[in-house]
Amino acid sequence: SGHLELEAQPFSPREMIQQVSGLMSAPAMAKGIAMKAEVDGAVPARVVGDRSRLQQILINLIGNAVKFTDEGAVGVRVSVDGEDRLRFEVEDTGIGIEHDKQTLIFDAFRQADGSMTRRFGGTGLGLAISQKLVQMMGGTLEVKSERGMGSLFHFSLKLPLGVAEETRDAEPIVVPRKTAGPLRILLAEDNRVNQLVFLKLLEREGHIAELVEDGAMAVEAALRGGFDAILMDVHMPVMDGILATMRIRQEELVRGGHIPIIALTAGVMNEERDRCLQAGMDAFLAKPVREGEVQAALARVAQAPLD
Ligand code: ADP
């Protein structure tokens with residue numbers, strides 16, 4: 001599982017930053033702090049690199065920045081750093097980090113001694129893993145901070161110019177697991193009525209379902225493995241479906257793999273749809289879900305047979 005392949009695809013840094021800051025503005029707003037995004041005018045429209053890993057690193061850094069800031073703002077910035085290099089910065093006005101702690105926070109051993117609960121009790125990925133990913137991409141994640149004076153995390157990466165015609169911003173979402181037969185589905189849903197409806201529906205389609213009732217349990221079950229797809233309610237207690245999906249995707253960055261996740265949303269609001277897709281969900285279904293729709297979605301993302 002230590003094996004990791006980097007993507008080299010053209011993408012728009014501007015659009016990527018817009019997405020990341022859009023995704024993180026809700027948790028920032030909930031804490032009453034501002035979320036600012038800035039892309040220098042000199043940053044090229046297209047560069048070549050591993051967009052989704054870069055995005056996950058930034059989400060992790062911004063997540064931490066929000067978590068450790070109670071007043072002020074969190075900013076993400078991209079600028080040009082010499083030929084072919086972009087500099088990424090995540091800054092906050094939070095509690096800061098003492099000097100003697102600054103090297104420890106990137107330490108993989110500190111990370112390794114934590115239990116599952118400890119690891120997933122935080123904002124997710126962890127700085128040790130972010131550091132590892134940045135280094136794989138040819139940079140170093142560094143921090144500048146004073147206690148009580150906020151923190152600045154930054155790294156610079158060589159990202160060659162991309163050609164506009166080859167644009168491909170979306171990740172391929174189809175990961176075939178099975179070609180036929182029943183699928184093992186993890187159903188994450190807190191509402192009793194919906195639980196029954198979906199369990200019945202899945203059973204009728206010949207699938208094997210396991211039920212969990214909140215996002216934290218969904219993350220735990222997904223990481224235990226053994227599922228072909230996840231049906232994930234967006235609004236759940238303890239941890240919502242968006243955050244649960246982000247955690248699963250973050251862990252997959254290290255472990256490899258990609259479990260198809262289908263969001264179960266209450267409405268058809270575009271904004272919620274976007275948040276689902278940005279968090280790494282592959283498809284979504286608006287409730288109430290009609291017969292056949294679940295199977296169609298499974299067929300799309302998990303290669304369930306369409307009869
Ligand atoms: P976790 O947040 O789960 O503890 P991380 O590896 O992301 O794991 O962060 C390690 C530690 O570094 C945090 O527990 C915190 O003490 C410190 N830290 C990280 N980012 C910040 C930040 N922006 N401001 C203050 N402290 C931070």
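A few remarks follow.
- Every residue from segment 72-97 that is at pLDDT 95 or above, surrounded by fewer than 20 Cβ atoms within 10 Å (Cβ to Cβ) and of a type in the set (Asp, Glu): 89
- Scanning segment 222-236 for residues that are surrounded by fewer than 19 Cβ atoms within 10 Å (Cβ to Cβ) and out of contact with any Gly (no Cβ under 8 Å at 6 or more places or on another chain) gives 223, 224, 225, 226.
- Some residue of segment 232-249 being of a type in the set (Asp, Glu), assigned to a helix (DSSP H, G or I) and within 26 Å of residue 54 (Cα to Cα): no
- Extreme residue, surrounded by the fewest Cβ atoms within 10 Å (Cβ to Cβ), among residues of segment 186-212 that are closer than 29 Å to residue 59 by Cα and in contact with a helix residue (DSSP H, G or I) (Cβ under 8 Å, 6 or more places away or on another chain): 211
- Filter result (among the hydrophobic types (A, V, I, L, M, F, W, C) and more than 18 Å from the chain's Cα centre (by Cα)) within segment 54-87: 68, 73, 74, 78, 80, 86
- Tabulated pairs, segment 6-30, first under 14 Å from residue 58 (Cα atoms), second among the basic types (Lys, Arg) and assigned to a helix (DSSP H, G or I), C-beta under 6 angstrom, 6+ apart or interchain: 16/51
- Within segment 38-53, the set of residues being at pLDDT below 90 and within 21 Å of the chain's Cα centre (by Cα) comprises 52, 53.
- Residues in segment 22-52 that are charged (D, E, K, R) and away from the ligand (no atom under 16 Å from the Cβ): 38, 40, 46, 50, 51.
- For residue 86, the criteria (1) in contact with a helix residue (DSSP H, G or I) (Cβ under 7 Å, 6 or more places away or on another chain); (2) within 11 Å of the ligand (Cβ to nearest atom) hold in every case but one, which is (2).
- Subset of segment 60-75 that is hydrophobic (A, V, I, L, M, F, W, C) and within 11 Å of the ligand (Cβ to nearest atom) - its residue that is farthest from residue 33 (Cα to Cα): 61
- Qualifying residue in segment 118-126 (condition: at pLDDT below 85, within 10 Å of the ligand (Cβ to nearest atom), among the hydrophobic types (A, V, I, L, M, F, W, C) and surrounded by 17 or more Cβ atoms within 10 Å (Cβ to Cβ)): yes
The values are calculated or read from the model by the stated rules, or taken from the named source; none is laboratory data. Computed from a prediction, not measured in an experiment: that's the story for all the values here. All Cβ positions, even for glycine, are placed from backbone atoms using ideal geometry, and neighbour counts span all protein chains on display.
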